[in-house]
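Okay, so here's the structure we're looking at.
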Amino acid sequence: MSDKAYVSKHNYYPGTVEIPAGTVFTEDQWEACGGKVSSLHEHIKKGYITENEQYVPEVVQEVVPEAEVEVLEIVKEEEPVKEEKAKAQGIWNYSKEELEGLDIGMLNTIYKDRAAEYGIKVNRPFSNKDNLIAKMTSDA
């Protein structure tokens, strides 16, 4: 087994197994994928494959089959960063947490006062607390 490791700049299919671009492999692994050492050296001379400058451990893993590579890529995807939602800028910009602890009478009073600040006429108080909270947390 050779101590040198190589990395490909392109996808290769030496004969039986595909070697994706960026894969680190040895001469023995190239041969195990169906390639010839002479063809490997031709690609090295052309600059398509370069010698890897990292240390190669004595136990070198075998080239991962293509189906497993796809599974590994899916697992390695980072979870999307949850951005904190900016506070709404409209009339009804309260958060649900601010309002849940208040009783329906207090919520109706706050609703009426806030509507008056913006010149909105309130015809009657809400009777359903959940509907009132939904209205006061909208950005309308």
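Per residue, the convex hull around the alpha carbon atoms of region 96-136 comes to 63 Å³. Between residue 96 and residue 118, the C-beta separation translates, for a Förster distance of 22 Å, into a calculated FRET efficiency of about 0.60. Put simply, the amide H of residue 92, placed in the peptide plane, has neighbours under 5 Å in 140, leaving out anything fewer than 5 places away on its chain. Given H placed on each backbone N at 1.01 Å, which residues far from residue 19 in sequence or on other chains put an amide H within less than 5 Å of it? Here 12, 13 satisfy the definition. Our coupling estimate for region 17-22, obtained by passing each phi through the Karplus curve with A = 6.51, B = -1.76, C = 1.60 and θ = phi - 60°, is 10, 6, 10, x, 4, x Hz, Gly and Pro reported as x. Under a 5 Å amide H cut-off, with hydrogens placed 1.01 Å from N, residue 6 pairs with 25, 26, 52 among residues at least 5 apart or on other chains.
Only the coordinates and a few stated rules stand behind these numbers; no lab work does. Because the structure is predicted, anything quoted here is derived from the model rather than measured. Reconstructed Cβ throughout: ideal geometry from the backbone, glycine too, with neighbour counts over all protein chains shown.
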